[in-house]
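Everything below concerns the one structure shown next.
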Amino acid sequence: MRLIVHNMLTCNVKGVVNKFPLKIVAEKVVKKEVDFNLDFLWHMLAKIEWKALVDGARSLGYSELPDHAEALESNESFLKKFHHALLELHLEEGSLVCKETGRKFPVKKGVPNMLLHEDEV
Amino acid sequence: MRDIKVKPTHQQKQEEEEEEEISSSSLSVKSTPEIEKKYVHRVYDAIAPHFSSTRYAKWPKVAAFLESLPPGSVILDAGCGNGKYLGLNPNCFFIGCDISDPLIRICSEKGHEVLVADAVNLPYREGFGDAAISIAVLHHLSTEERRKGAVEELVRVVKPGGFVLITVWAAEQEDKSLLTKWTPLSAKYVEEWVGPGSPMNSPRLRNNPCFGLESIPESDVSVKEQKDLESIPESDESVKDEKVSNQQEYFVPWHLPYHRAEVSGASASALASGLAKKDDRKGAVVYNRYYHVFSEGELERLASGVGNAMIVDRFYDKSNWCIVLQKEALNQDH
């Protein structure tokens, strides 16, 4: 699971208000290089919840992202860090934790399982 | 399915209220009904590798939709199955989800970004996707509320102005001989049936005992009849005479060859529990998949009920009803 996906995921348990973002508990992180695509990064900058990305990257062992993204869109060094955090870090094993309920969603072999139990729906 | 209201008798009204209380309080629309657990989820889990090996041909209409999207689009595929469409447009970023872990594993091994999730309750925040697709998924949902819920989810997760493509199996099949291989569902499955929207869920029918899975002879329920759905006459006690002949609920068989079934392991328990049967003549374990096939106009009616989306295209192609929705753009102040 890459941070681009984490930036979208929510806890869907019934009644939960603080459903995003999920806290990452990382057990195994893998880095895989991906081609840099400037247009795609600019497109994603508009969608990404920045703080969630920064915290998520930190949980995966990457702390180079600045706390704010404004005014940095043309800065090459910033964009490379953004690219790396968004697309090149993979959570292979670990869990995603709901900040309100503590509910853990497992991530196994890079795949999160977000299915709820009967009583959570 | 249309809701046709007929003035109920006092007794029928009481029974309906009781039953609605039971069905709405015990299960929310996001809760998975038994019929889907047994005849959709378990089946796909058991047949995943074999199913995936048969799913490779890219449907031109879906490919055209995906190729029409701007480069850099984030495309959400809800019910992605074996990931056939993930990455089809190499300029876009696909995120797939499916309720079947074995199918998702197959996607993941191909390097796609996927997760295990429920199409009726997508764990996604609103408006992240540029587009979404739902290819041959909604016909596995057993109530109108759940089908509508899935459409609402698809619209919710795309950005304002974003497009959604939905395809479902049509009741009007081009190859009519296919229908003879399908088992129409009858009131025998009423215990597994959930939801006030179902024509089967009437107080009268609930009193019939449930038997095992049997093929229903054509004389009882005509599979070819396309009559309008009518409310069940309250005076009529006989199941045979009921006018629920707008047959859209089916079990469609899947033949899993013995050599594949042994590898899967899931078939042993499926056979033991009666969920699947052996067909020695064909050398296969036969599973049944639940389908609610859509009649003409039904998908449109379902989508029209979603307030913040417009239908921008609709078509019938290769025995599927298809629709493209566009989510309302944000209000511009003048």
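Observations
- Counted charge near A:MET1, where neighbours are those whose Cβ lies closer than 11 Å (Asp, Glu -1; Lys, Arg +1): 0
- Our Cα-only numbers for segment A:55-116 put the radius of gyration and Dmax at 14.3, 42 Å.
- Segment A:27-121, accessible surface, carbon-and-sulfur percent (1.4 angstrom probe): 48 percent
- The mean number of Cβ atoms from other chains found within 10 Å of a Cβ in peptide A:7-15 is 5, as a whole number.
- Sparse-neighbour loop sites [trypsin sites (Lys or Arg not before Pro); segment B:250-334; at most 15 other C-beta within 10 Å; DSSP]: B:ARG281, B:LYS282, B:LYS318
- Whole-angstrom gap from segment B:286-308 to segment B:76-135, using each part's C-alpha centre: 20 Å
- Toward the positive end of the charge dipole of chain A, with +1 on the Cβ of Lys and Arg and -1 on the Cβ of Asp and Glu, the farthest Cα among A:ALA57, A:LEU79, A:ALA26 is that of A:ALA26.
- Entries of B:LYS38/B:LYS148; A:LYS32/A:LYS81; B:LYS110/B:LYS318 with Cα pairs more than 18 Å apart: B:LYS38/B:LYS148; B:LYS110/B:LYS318
- Sparsely packed loop sites in segment B:40-102 (the chymotrypsin sites (Phe, Trp or Tyr not before Pro) outside DSSP H, G, I, E and B with at most 12 other Cβ atoms within 10 Å) comprise B:TYR56.
- Debye-sum result for segment A:52-91 in log10 I(q)/I(0), which assumes one identical scatterer on each alpha carbon, at q = 0.17, 0.28 Å⁻¹: -0.39, -0.98
- Three semi-axes describe the equivalent ellipsoid of segment B:52-115; taken as square roots of 5 times the Cα gyration tensor eigenvalues and ordered largest first, they are 19, 13, 9 Å.
- Neighbour cut-off at most 14 other Cβ (10 Å), DSSP loop, trypsin sites (Lys or Arg not before Pro), segment A:1-71: A:LYS14, A:LYS32
- Per residue, segment B:76-140 exposes 24 Å² of accessible surface when a 1.4 Å probe is rolled over the protein heavy atoms with every protein chain present.
- If you model chain A as an ellipsoid using its alpha carbon gyration tensor, with each semi-axis the square root of five times an eigenvalue, the axes come out at 27, 16, 12 Å, biggest first.
The values are calculated or read from the model by the stated rules, or taken from the named source; none is laboratory data. Computed from a prediction, not measured in an experiment: that's the story for all the values here. Backbone-built Cβ (ideal geometry, glycine too); neighbour counts: all protein chains shown. Each accessible area value is taken on the protein alone, full model and side chains, heavy atoms only, with ligands, DNA and RNA left out. Shrake-Rupley method; radii C 1.70, N 1.55, O 1.52, S 1.80 Å.
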